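Input: a single structure, listed below in structure tokens.
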Amino acid sequence: MFQTKKPENDTIYYFNNKIDKNGLSEQEARKRLLKYGPNALEEGKKVTAFEIFLDQFKDFIVMVLLAATLISAIMGEVADAITITIIIILNAILGFIQEYRTEQSLEALKKLAAPSTKVIRDGVTKEVPAEEVTINDVIALEAGDRVPADAVVFEAHNLKLDESILTGESVPVSKEPVNIELKRSTEKKSIIYMGTIVTSGRCKALVMDIGMRTEMGKIAGMIKEIDNNVTPLQRRLDKLGKVLVTGSLIICAIVTILGIMRGESIYYMFLSGVSLAVAAIPEGLPAVVTVSLAIGVQRMLKKNAIIRKLPAVETLGCTNVICTDKTGTLTENKMTVKKIFANDDIIDIEGKDLSSRFILRGKRIDPTIDPVIKRLLEIGAVCNNADIKIDRIKIGNEIVDNVKYSGDPTEAAILYASVVGGVSKDKVDKYIKRIEEIPFDSDRKRMSVIVDEIGNMYAFTKGAPDVIVELCTRILRDGREVPLSHFEKKRILDANERLGRSALRVLAFSYRKLPYGIKYDYKNIERDLVFVGLEGMIDPPRKEAYDAVLKCRLAGIKPIMITGDHKLTAAAIADELCIHNKSDNILTGSEIDKMDDKKFFDAVDNTTVYARVSPKHKLRIVRALKNRGYTVAMTGDGVNDAPAIKEADIGISMGKGGTDVAKEASSMILIDDNFATIVAAIEEGRIIYDNIRKFIRYLLSCNIGEVITMFIAALTSLELPLIPIQILMVNLITDGLPALALGLDPADRDIMNMNPRGAHESIFSKGLGIRIGIVGFLMAFCTLSSYIFALTYGTLDRARTIAFATLVMVELIHAFECRSERHLIFEIGIFSNMYLVIACIISFLLFVSTIYIPFLSAVFKTVALTWFDWLVIIFFSSIEFVFNNLYTAFILPAKKTK
């Protein structure tokens with residue numbers, strides 16, 4: 001096998017043998033992976049599960065409560081101390097489960113978004129995780145790819161790399177293939193480094209160093225990570241939490257002082273105040289958001305969307321414009337050449353397999369006999385980087401052709417048309433040899449190859465018809481080159497439009513005989529071309545795209561198609577999918593260039609299709625839409641799409657064909673490159689945000705209810721309706737399982753029939769803050785009313801037990817009310833969230849055990865309740881339920897109609 005030796009000065013690499021372009025075998029790759037380890041940079045120390053658990057006890061209020069519990073034990077209240085300790089530990093376990101699940105979800109997310117690269121093994125190009133690349137692997141790179149390891153280039157075409165991550169220089173650096181005959185390579189010319197980016201061209205290279213042995217590893221360079229920064233919502237809730245902490249501590253202090261002034265023991269009131277603070281302070285709000293977001297990320301993954309940055313989940317719910325590519329996202333990206341224009345004729349290709357026929361004026365023809373069609377197919381086969389493998393397989397009693405494609409789908413379709421026409425690569429390679437390539441780029445809108453055809457040098461060029469035609473001065477007709485007149489150009493462009501109206505994607509093909517010694521750059525090569533013909537490819541819309549576009553419309557989201565295709569092709573697909581209406585505009589890249597910013601900003605409101613655009617236009621479109629106040633999602637896959645993806649509120653890259661640069665700039669990756677997945681992700685984003693609102697509504701209502709209950713009792717000189725251990729138990733029962741179950745609540749059935757929320761809309765918008773306050777007061781009213789009523793016929797312990805039961809009941813009932821802000825619980829179904837049903841049953845049984853199990857009854861100072869007591873509890877706990885449902889059924893709809 002090819003070996004490399006690296007001298008101490010790190011500047012020259014020596015080669016013992018020729019490079020094996022077939023790469024390593026899979027077996028050898030596995031051996032080397034075991035020997036050299038994974039191709040990864042070292043990460044910092046990870047937080048262990050035990051450390052996460054210990055962190056639950058580091059909260060100041062919890063530490064104070066533990067200290068008070070210790071004092072309680074010393075004073076002889078051992079049962080109380082043990083019970084409070086158990087409750088604190090159970091709360092810590094719940095907190096640990098939340099945080100540990102979040103850590104695990106984020107760790108899984110890192111692995112999902114980890115980079116991959118193309119390697120050649122056993123002569124076959126395949127994609128593998130970058131960390132599985134090993135020494136002597138052959139890697140294949142193209143524009144937009146990030147180099148996975150230090151490697152020596154042995155094959156290159158116009159290769160340039162951005163090495164700014166290592167050198168700080170922003171100007172791309174040209175690379176040349178190693179001179180194998182000299183058996184050495186100078187570092188600057190043929191070595192590529194881990195972490196650098198291919199900005200243009202393509203290459204094959206042999207891996208020399210991986211992981212921490214690379215130049216990147218030596219300088220402790222950056223490793224690609226999921227962005228774990230705190231989300232905007234978490235920051236807002238953290239600030240809210242601090243305000244609530246301050247308010248709760250003040251109220252708890254007042255309750256403690258008033259109790260002491262009333263004659264209660266200092267220890268008892270101090271323990272009551274601390275217990276109330278533990279129950280009242282919503283210290284878990286930001287963590288709850290993280291858990292909800294992490295769970296949502298896992299659900300999105302099942303729908304083929306990888307979220308790279310958690311803030312994107314929040315932003316998805318605000319999205320009101322989706323700018324999407326056409327090819328592969330709205331369409332199937334399964335190209336088939338259906339029509340050819342050559343010799344002023346349209347040739348149809350009928351059939352879907354290798355027996356497809358070329359039909360001219362109703363008759364089957366042999367395309368290899370016509371010199372123009374043959375030349376067209378030759379250019380299609382040679383000016384092409386796709387590959388086709390055809391195997392004969394037996395299905396039942398029938399032998400059929402099994403065709404496998406690799407490479408760009410458009411190029412694969414062109415190559416397949418050439419194969420069907422009898423002009424395969426194997427045949428053409430015998431008399432046409434590729435020498436050099438000028439790769440396609442979105443600005444030139446064309447690709448060229450330099451070839452040697454039986455001693456003559458030619459340039460074969462394919463690209464956008466309007467671009468190619470302008471570069472042509474002659475046309476191939478009946479095997480002869482004749483001047484291309486203005487009239488002929490118009491005929492070609494008219495044919496292009498006819499094909500475009502049929503929703504065909506059209507490419508033009510041309511060539512030029514080159515003089516010897518010409519410099520191989522596009523300015524010299526791509527001029528004075530000879531026009532040969534057009535190929536029109538069908539790329540049908542995805543079936544699921546129809547429903548997805550309709551869903552967008554109902555959800556108040558405007559879908560916009562952005563494509564490099566011809567205006568008429570784009571319009572035909574957009575009309576079919578109902579993206580474009582008669583009143584909407586269609587703008588081309590050239591029309592955008594002629595507009596100033598003000599005129600363009602005004603135009604974007606009514607434009608739904610952008611055709612013949614380049615990446616620079618995408619960036620301008622995003623900025624214009626954002627200027628008009630839209631929250632924009634933008635898709636892209638190329639290296640030049642990265643600025644627009646990064647500028648968008650939600651940048652979306654393609655999982656199948658997206659470059660590493662595009663993926664790194666994006667917030668979300670589509671595994672299946674499907675428009676419907678974007679819509680599904682937006683729906684999931686709305687569900688997550690909705691569930692966070694449910695959780696916050698429930699948690700804060702309950703906490704406010706508990707604080708107000710104790711505060712009013714203290715102000716009115718009542719005996720405290722709840723003792724410290726009961727307060728802690730309420731907190732465990734209600735803030736635990738039911739609250740977590742709300743984070744798993746299914747969506748409201750009409751969640752995609754509502755307009756997107758505003759980007760800067762408060763979490764408490766649409767009256768949520770007022771409802772939380774009202775429900776908190778109602779909970780306090782129900783609890784205190786039942787307590788005062790019970791005092792008229794029972795002992796203090798019985799009254800406290802009834803107050804305890806009423807508060808627990810009203811909070812558990814409220815958990816079901818929090819499932820929807822717009823619908824009654826009877827409309828959405830009590831059993832449609834079984835997690836919540838089970839959580840409430842467990843919580844209720846825990847509460848009942850504190851009343852009817854003698855040992856626990858003694859610890860919690862409760863008494864067994866009679867049937868009359870339960871009637872009192874049910875009556876008072878139903879007051880909040882009745883009022884809240886009346887508000888939802890009558891007052892809320894009345895507000896909406898105003």
- Query: Can you pull the accessible area of E719 for me, 1.4 Å probe, Å² to the nearest 10?
  - Reply: 80 Å²
- Note on the structure: Rounded to the nearest 10 Å², the accessible area of S200 using a 1.4 Å probe with every protein chain kept is 40 Å²
- What aspartates and glutamates could a cross-link reach from K766, if we take a straight Cα to Cα line under 15 Å and drop same-chain neighbours fewer than 8 places away? D690, E821
- Shape call for region 346-478, from the Cα gyration tensor axes a ≥ b ≥ c (a/c under 1.5 means rounded, otherwise prolate when a/b beats b/c, else oblate), comes out prolate
- With every protein chain in place, the accessible area of L768 for a 1.4 Å probe, in Å² rounded to the nearest 10, comes to 0 Å²
- Return the loop-located trypsin sites (Lys or Arg not before Pro) in region 515-608 (DSSP other than H, G, I, E, B) with at most 11 other Cβ atoms within 10 Å of their own Cβ; answer none if there are none. K519, K582, K594
- region 586-692: C-alpha gyration tensor shape, a/c 1.5 cut-off, then a/b vs b/c: oblate
- Query: In terms of modelled amide H atoms, which long-range or inter-chain residues lie less than 5 Å from the amide H of A40?
  - Reply: G211, M212
- Task: Within the set of other residues whose C-beta is less than 11 Å from the C-beta of E591, count the net charge using Lys and Arg as +1 and Asp and Glu as -1.
- Result: +3
- Query: Is the shape of region 542-633 rounded, prolate or oblate, going by the alpha carbon gyration tensor and its root eigenvalues a ≥ b ≥ c, with a/c under 1.5 for rounded and a/b larger than b/c for prolate?
  - Reply: oblate
- Item | Summed residue charge, Cβ within 15 Å of S786's Cβ, Lys/Arg positive, Asp/Glu negative | -4
- Relative contact order, percent, of region 553-609 when contacts are C-alpha pairs under 8 Å separated by at least 6 residues? 44 percent
- Sorted largest first, the C-alpha extents of region 740-827 along its principal axes in whole angstrom are 54, 24, 21
- Gain in length, M261 to S355, computed as 0.36 nm per residue apart minus the alpha-carbon separation, to one decimal in nm? 24.0 nm
- Where does each of T792, T315, T888, T473 land when they are ordered by accessible area, with a 1.4 Å probe and the largest first? T792, T473, T315, T888
- Task: Whole number please: convex hull volume per residue, Cα atoms of region 437-521, in Å³.
- Result: 118 Å³
- Find the Cα radius of gyration of region 454-607, compare it with 2.2 N^0.38 Å by division, and give the number to two decimals. 1.32
- At most 13 other Cβ atoms within 10 Å and a DSSP loop assignment: could you name the trypsin sites (Lys or Arg not before Pro) in region 428-497 that fit? K430
- Task: Would you calculate the separation in nanometres between label points at L871 and I435, each defined as 7 Å from the Cα along the Cα-to-beta-carbon direction?
- Result: 10.4 nm
- Compactness relative to 2.2 N^0.38 Å, alpha carbon Rg of region 341-385: 1.17
- Query: Put L493, L330 in order of accessible area, largest first, 1.4 Å probe: what do you get?
  - Reply: L493, L330
- Item | Charge dipole of region 706-798 about the Cα centre (unit charges at C-beta), most positive-ward option of Q726, V707, T795 | V707
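The values are calculated or read from the model by the stated rules, or taken from the named source; none is laboratory data. Quick caveat: nothing in here was measured; it's all calculated off a predicted structure. Cβ coordinates were reconstructed from backbone atoms using ideal geometry, including for glycine residues, and neighbour counts include every protein chain displayed. Remember, those area values only see protein heavy atoms, side chains included, never the ligands or the DNA or RNA. Shrake-Rupley method; radii C 1.70, N 1.55, O 1.52, S 1.80 Å.
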